[in-house]
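> Could you have a look at this structure, given as structure tokens, before my questions?
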Amino acid sequence: MAALSSSSTLVNVAEDAELRLVRLLADAAPSQLLSPTFVQECEECMIQADAASLLETIVADKGAMAALFALEPLEEAVSAFSLLAALLDRVDADDPNAEIKLAVALA
């Protein structure tokens with residue numbers, strides 16, 4: 001039972017970090033570049049536990065990317081990129097279509 005509790009705590013921490021990243025990017029993004037549905041689309045990806053789609057949504061949004069590359073202080077930027085790298089680790093390696101789609105989005 002303790003292992004289940006620890007596991008669910010880690011999942012909650014990861015989801016919270018992803019949500020904070022999305023909101024940080026949305027708040028820092030130039031409003032004219034950020035998609036009006038960016039946060040909602042990201043939240044849907046998180047609800048579905050779809051790391052690949054979340055990465056695609058973030059990378060495809062010009063406002064989010066502008067915010068990502070302008071984050072300050074440096075620690076904020078490093079943390080944001082670390083979270084994105086953690087999402088890459090969660091992409092299902094058994095699904096070649098997901099990997100191909102993500103590779104195209106990141107190219």
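> Looking only at region 1-30, how many residues end up being at pLDDT 95 or above and not in a helix (DSSP H, G or I)?
Within region 1-30, residues that are at pLDDT 95 or above and not in a helix (DSSP H, G or I) number 2.
> Being under 14 Å from the mean Cα position of the chain (by Cα) and of a type in the set (Ser, Thr, Tyr): is that true of Thr37 here?
Taking the combined requirement at face value, the residue does not satisfy it.
> Additional query: Which numbered condition in (1) in contact (Cβ under 8 Å) with a residue 24 or more places away in the chain; (2) farther than 22 Å from Ala107 by Cα is the only one that Ile58 fails?
Going through the list (1) in contact (Cβ under 8 Å) with a residue 24 or more places away in the chain; (2) farther than 22 Å from Ala107 by Cα, Ile58 breaks only (2).
The values are calculated or read from the model by the stated rules, or taken from the named source; none is laboratory data. Keep in mind that what you see is a predicted model, and the values were worked out from it rather than measured. FYI the Cβ positions are ideal-geometry reconstructions off the backbone, even for glycines, and counts take in every protein chain you see.
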